[in-house]
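Chemist: One structure follows; several queries about it will come next.
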Amino acid sequence: MTNSAVVLADTAAYAAAVEEATRAAAAYYATGESTLDDDAYDRLVRRIAAYEQEHPHEMLDASPTGRVAGGAASGDVPHTVPMLSLDNVFSADQFVTWTASLERRIGRPVAAWSVEPKLDGLAVAARYRAGRLEQLITRGDGTAGEDVSHAIGTVVGLPEQLAEPVTIELRGEILMTTEQFEQANAVRTEHGGAPFANPRNGAAGTLRAKDRAYTVEMTFFAYGALPLPDSGELTDTLAELPHSEVLAYVARLGVHTAADTDVAPRTVTTVEEVQSRVEEVAALRASLPFGIDGIVIKADLAADQREAGSGSRAPRWAIAYKLPAVEKVTRLLGVEWNVGRTGIIAPRAVLEPVEIDGSTVGYATLHNPADITRRDLRLGDRVMVYKAGDIIPRIEAPVAHLRTGDEKSIDFPAACPQCGSEIDTSEQRWRCVRGRDCRLVASISYAAGRDQLDIEGLGATRVVQLVDAGLVADFADLFTLDREQLLGLERMGETSTDNLLAAIDTARTQPLSRVFCALGVRGTGRSMSRRIARYFADMDRIRAADAEELQRVDGIGKEKAAGVVAELVELAPLIEKLVAAGVNMTEPGATPPPEPGEESVAAAAADGEGGALPLDGMTVVVTGAMTGVLEKLSRNEMNELIERAGGKSSSSVSKRTSLLVAGEKAGSKRTKAEDLGVRIAAPDEFAELVAGFLPAEA
Ligand code: IVH
């Protein structure tokens, strides 16, 4: 393959490389599924450019270096000023060489640099007239784009009305955040559609789609502004303002920029400072709630930009410092079928391990059997895998032209791989006909686990015994077990029986958050269960809530809300059994939400009365090993403690973190907190702060 050669040897190799790049770009823009990963594409284009430098007269019209990158489909709305692309550098050395050539060109040092994230989405131009958003246009081929104004209203950060009645064109990137992407895929698969391979494809597909039965959200980040023909005096202002001030102005107009993110644009004066910000942004990449594929560095002053000018493809005053690709090609080795606690049978791809952005990826989600069929995946296929930040690794597409003919079709299970029962295939997601009962032992063990009901002495072996003896058919039955029944089991002496009964009795008084978590409602793990329990304060209110009300809980979107409501209906008999067995159904310390028209007790307390909690309004992260009174607490228990004391627990440090509890062997989170100036407390200090809220045994 041309792509693996280091230098292009001759005209034929050059032509083949151009053809391969064109094919990859065309496939990418047509279907969102490229035949090359980003790294490979970039390498190929660099080789083509190197060849063209040596043989300029041989340059082919189709070369990807000669036009706005990608060969995107063009539309029919002309751009006032071409929407250019950016040249790339891939290392500190290349960046230094680029700055030197820019400074040579303008004949002086660049006065200031703006260092900002390179957002991984689609470029759009948003035209505002007298403050009203009138037209949204894609970049297209750079000179004309497609009118996608139908998307107005579905893009977070792109208001329909600006704070001032100005006429202006804003340029920026539309993307899907991690959350919007997961949400979009949940909605799409529920509607029988194919999941998006990555957030960028999700944004591209969504932006173009006109008559979908559902809407999914996207987010806009502005990175520039231009005057329109009737912008009036703003025309001169925009021509003179430094880029950083243009961005600040755009934000004041009410438009979203990257300013409120951890990778906010920074203005610095030296190349060393640029470099250190580049490193910071690269380190933050994995924890960002949206994708970036590099860092854009721009000369900040209008005069520097003007004197540097632009080429036909890219401006000379800006450069993209590319980060390693988050898409890689690897091999699909197998497919595992796992049965979840609720009986859902989910396929998972086993991959030849591949390193993507610093972590090794060995598995990827495959959603459902229909998805495997739709994408015609085969064992042995070379597949493009995408992994960024918190996104579960996923297979984008098989690279069909790399097939050898030895690939094998993927077998679907004919019976439940867990219990051998029939499979209900009537929905996209296959489910064992026994539903939750299929994983009875697993669901009871989960319910009894340390982070749920915390029933000591009830391991999986014991649960198997209980199920086999017909003593329990769900975890509510645990609460009505009697001494005789337990003594009748093998290897159950008097002491273990009494201990187990005592542990079960204690479990009856667990807070609602843990009881709710024990139910194993899909999509509600430990922290979501705590949020739900704290929001509603008791089980009756949770059960009475409709999907709309559930969405008031932080992190619950439309689809999840509907899922929770449906599952709670399904779980009603179990919940009623638990109530009848005297299991606690309230969350200590939580205030119920106000009934419509009623002022909330929490709001009244915040208005002045009632004791403020020690962590009120604080976001707390815990890292390292806890010591002293906190030593025995699991991470879940630490998070519970934080929330009881009024705080919000989080797993990653950002500038929004109020406090980092750093125990022994605290690593990168501590360094990051130090860099960001986040307050750090040792376990003992923290224990003192929340002394009134520690669990009884701590
Ligand atoms: S400035 C004339 N700033 O990257 C300057 N572009 O690979 C052109 N992009 O077409 C763009 N983040 O779609 C700029 N902070 C940022 C950006 C950014 C992402 C995109 C943009 C551009 C592409 C070039």
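The values are calculated or read from the model by the stated rules, or taken from the named source; none is laboratory data. Source: prediction; values computed, not measured. Neighbour counts are summed over all protein chains in view; Cβ atoms, including those assigned to glycine, are modelled from backbone coordinates with ideal geometry. Protein only, heavy atoms only, side chains kept; ligands, DNA and RNA dropped before computing areas. Shrake-Rupley method; radii C 1.70, N 1.55, O 1.52, S 1.80 Å.
Chemist: Which length gain, in nm to one decimal place, applies between GLU456 and ALA49 when the Cα-Cα distance is subtracted from 0.36 nm times their residue separation?
Modeler: Full extension from GLU456 to ALA49 adds 139.9 nm.
Chemist: Leaving out ligands, DNA and RNA, what percent of the accessible area of segment 410-463 is carbon and sulfur, probe 1.4 Å?
Modeler: Carbon with sulfur: 42 percent of the solvent-accessible area.
Chemist: Can you compute the radius of gyration and Dmax for segment 275-323, using only the Cα atoms, both in Å?
Modeler: When restricted to the Cα atoms of segment 275-323, Rg and Dmax are 13.2, 37 Å.
Chemist: Any number yet on Rg/Rh for the chain, C-alpha, Kirkwood?
Modeler: 1.00
Chemist: Take the eigenvalues of the Cα gyration tensor for segment 301-372, scale each by 5, and report the square roots as semi-axes in whole Å, largest first.
Modeler: 46, 14, 11
Chemist: Here's a follow-up. Could you work out, for segment 149-225, what percent of all Cα-Cα pairs fall into each 5 Å distance bin, beginning at 0 Å and stopping at the bin that holds the largest distance?
Modeler: For segment 149-225, the binned pair fractions read 3, 15, 26, 24, 14, 9, 6, 2, 1 percent.
Chemist: Counting heavy atoms of the protein chains only and a 1.4 Å probe, report the per residue accessible area for the chain as a whole number of Å².
Modeler: 45 Å²
Chemist: A follow-up question, please. For ASP411, what accessible area in Å² do you get when you roll a 1.4 Å probe over the heavy atoms of the protein chains, rounding to the nearest 10?
Modeler: Near enough 120 Å² of accessible area.
Chemist: Once the piece of chain linking GLN135 and ASP147 is laid out straight, how much longer is it, given 0.36 nm per residue of separation minus the C-alpha distance between them?
Modeler: Fully extending the segment from GLN135 to ASP147 adds 3.6 nm.
Chemist: Hey, another quick one. Given the whole protein assembly as supplied and a 1.4 Å probe, what does the accessible area of VAL81 come to in Å², nearest 10?
Modeler: Near enough 70 Å² of accessible area.
Chemist: Can you order the peptides 52-64, 217-229 by their average number of other Cβ atoms within 10 Å per residue, highest first?
Modeler: Ranking the peptides 52-64, 217-229 by packing returns 217-229, 52-64.
Chemist: Next up: Calculate, for GLU484 and GLU279, the FRET efficiency according to 1/(1 + (r/R0)^6) with r their C-beta to C-beta distance and R0 60 Å; round to the nearest 0.05.
Modeler: Calculated value: 0.35.
Chemist: Shifting gears a bit: Compare the peptides 412-419, 488-495, 40-47 by average per-residue count of other Cβ atoms within 10 angstrom and give them in order, highest first.
Modeler: 40-47, 412-419, 488-495
Chemist: Using the scaling law 2.2 N^0.38 Å as the reference, what is the normalised Cα Rg of segment 79-219?
Modeler: So segment 79-219 has a normalised radius of gyration of 1.27.
Chemist: Related question: So for the pair ARG552, ALA259, with labels modelled 7 Å out along Cα→Cβ, what separation do we get in nm?
Modeler: Computed distance between label sites ARG552 and ALA259 equals 3.2 nm.
Chemist: Tell me the accessible surface of ILE106 in square angstrom (1.4 angstrom probe, heavy atoms of protein chains only), to the nearest ten.
Modeler: Estimated to the nearest 10 Å², ILE106 gives 20 Å².
Chemist: In segment 119-230, what percent of the accessible surface is made up of carbon and sulfur (1.4 Å probe, ligands and nucleic acids excluded)?
Modeler: 49 percent
Chemist: With respect to the cross-link table entries LYS558/LYS655; LYS118/LYS408; LYS560/LYS655, which display a Cα-Cα separation exceeding 32 Å?
Modeler: Too far apart for the 32 Å limit: LYS118/LYS408.
Chemist: Something else about it: How much of the accessible area of segment 348-389, in percent, comes from carbon and sulfur atoms when a 1.4 Å probe is used?
Modeler: Looking at segment 348-389 in its full context, I get 47 percent from C and S.
Chemist: So what is the diffusion coefficient of segment 444-518 in µm² per second by Stokes-Einstein at 10 °C and 1.306 mPa s, using a Kirkwood Rh over Cα pairs?
Modeler: Reported coefficient: 129 µm²/s.
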